[in-house]
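The structure under discussion appears below in the form of structure tokens.
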Amino acid sequence: MQGKTLVRLLSIILLLSATQPSFAKEPSKDATAKGETPEQRKQEVKDYIQHHLLDSHDFGLFSYTDDNGEVHHVGFPLPVILWDDGLKIFSSAKFHHGETVAEVDGNYYKIDHAKIYKTNASGTINYDDEGHATNEKPLDLSITKGVFMMLFTALLMIFLFRGLAASYAKNNGIAKGVGRFFEPIVLYIRDDIAIANIGEHKYKKYMPFLLTVFFFIWFLNMFGLTPLGVNVTGNIAITTALAILVFIITTFTGTKDYWLHIVDPLGDGMPWYGKIFIYIILVPIEILGMFIKPFALLIRLYANMTAGHVVLGSLLGLIYIFQNWIGGSLSFGLAFAISLIEILVALLQAYIFTMLAALYFGFASETHEHHEEHEGEIQHL
């Protein structure tokens, strides 16, 4: 019975969609009255997605247009910290969401594509032939939206895991409250990621970093799916910083055997004169691999999170482009499905980054003492 009802419903939808020549070719009456074309609406959606992917100097929650056509932004400003012949600190409210010029100590600054440029009183921005701004750019140390969310996430993690540690101390090693949710995740990272890839004897010194980076990426990814519109892990500067940390830890904790594997990967398997020609190619590849591994980490996290935001924003933008109930309903349904997938991807990307980092740490901490002991036992026999 339910199957027949579903078939009838789908048939009605198909019939109604067939009566419309095209979702995007028939603009609504409101859009026609405003003189908007489908191409203009597509460009607006594209600009909005690009704006969403950028960092900003204020925290905007939403905006609305009143009856007089004036746009009102709801949110709160963030501190702007510039170094321009001295320290300049002021509120981002002076920019009025990039619409006005900020005057500080006789200097004028303007925001263009989320970057602050030094300009004149009229806010003139000069561009080269490729469309890049040529104005002088002061050193920007501001607390942007991305920085704000990273600080908030760090404080949230401190609060949560201090509570988990306190519950262990008070209840004889048994987690209470919200700690019951995080305890299995911590144990999984320890047993199935750290110990499995690094080893039972050396995993402990890497555990603080692995736990921190996993929850840091996971929480930021989840915040990026909220209406706050925070795209921190979609910022390549952030993923690059995380990858550099992995590279530094891997490099400076590398054992003698790890470095011998890079500079002498064949070991004593053949005489030195037989390895010269092979090592001309092999050793540079091993050295290059030291940099390719963290590069793959940063690109994987950045590309996946950015792609998710672009796809989700595009699907939501189709509602504005189609401007009819069929296209809007389908777009909303697809956007809802992608949102559910993005929840899984947010956790999956944190897991993959942590797993690969543990794998690289395992390579760095490898030793071959067990081989030498095994050879000694064979000789003794």
Can you give me the three principal axis dimensions of the range 102-158 from its C-alpha atoms, in Å, biggest first? 46, 31, 15
For Lys204, Lys118, what's the largest-to-smallest order of accessible area, 1.4 Å probe? Lys204, Lys118
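Excluding Lys118 itself, what net charge comes from residues whose Cβ is under 9 Å from its Cβ, given Lys and Arg +1 and Asp and Glu -1?
Details: positive: Lys110, Lys137; negative: Asp84, Glu136.
Combined, the nearby Lys, Arg, Asp and Glu give 0.
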Between the range 289-326 and the range 98-157, what is the C-alpha centre distance in whole Å? 25 Å
Rounded if a/c is under 1.5, else prolate if a/b beats b/c, else oblate: with a ≥ b ≥ c from the C-alpha gyration tensor eigenvalues square-rooted, which is the range 212-362? prolate
Enumerate the residues in the range 113-155 having an amide nitrogen under 15 Å from the point lying 7 Å beyond the Cα of Ala241 toward its Cβ. 140-155
Environment charge at Trp259 (Cβ cut-off 11 Å; Lys +1, Arg +1, Asp -1, Glu -1): -3
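Pairs Lys88/Lys118; Lys176/Lys204; Lys46/Lys137; Lys110/Lys137; Lys204/Lys293: which exceed 19 Å Cα-Cα?
As for pairs spanning more than 19 Å Cα to Cα, those are Lys176/Lys204; Lys46/Lys137; Lys204/Lys293.
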Pop out the Kirkwood hydrodynamic radius of the range 151-209 from its pairwise C-alpha distances, inverse of mean 1/r, in Å to one decimal. 12.5 Å
For the range 67-177, which semi-axes, largest first and in whole Å, follow from the square roots of 5 times the eigenvalues of its Cα gyration tensor? 42, 18, 13
Want the number for Asp129 to Asp67: 0.36 nm per residue separation, take away the alpha-carbon distance, what's left? 18.3 nm
Distant alpha-carbon pairs in the range 44-106 (separation over 20 angstrom), percent: 38 percent
Paramagnetic reach from Asp191 (point 7 Å along Cα→Cβ, amide N under 20 Å) across the range 206-245: 206-208, 210-212, 214-215
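The values are calculated or read from the model by the stated rules, or taken from the named source; none is laboratory data. What you see is a predicted model, and the numbers here were worked out from it, not measured in a lab. All Cβ positions, glycine included, derive from the backbone under ideal geometry; neighbour counts span all protein chains shown. Areas reflect the complete protein model, heavy atoms only, side chains present, ligands, DNA and RNA absent. Shrake-Rupley method; radii C 1.70, N 1.55, O 1.52, S 1.80 Å.
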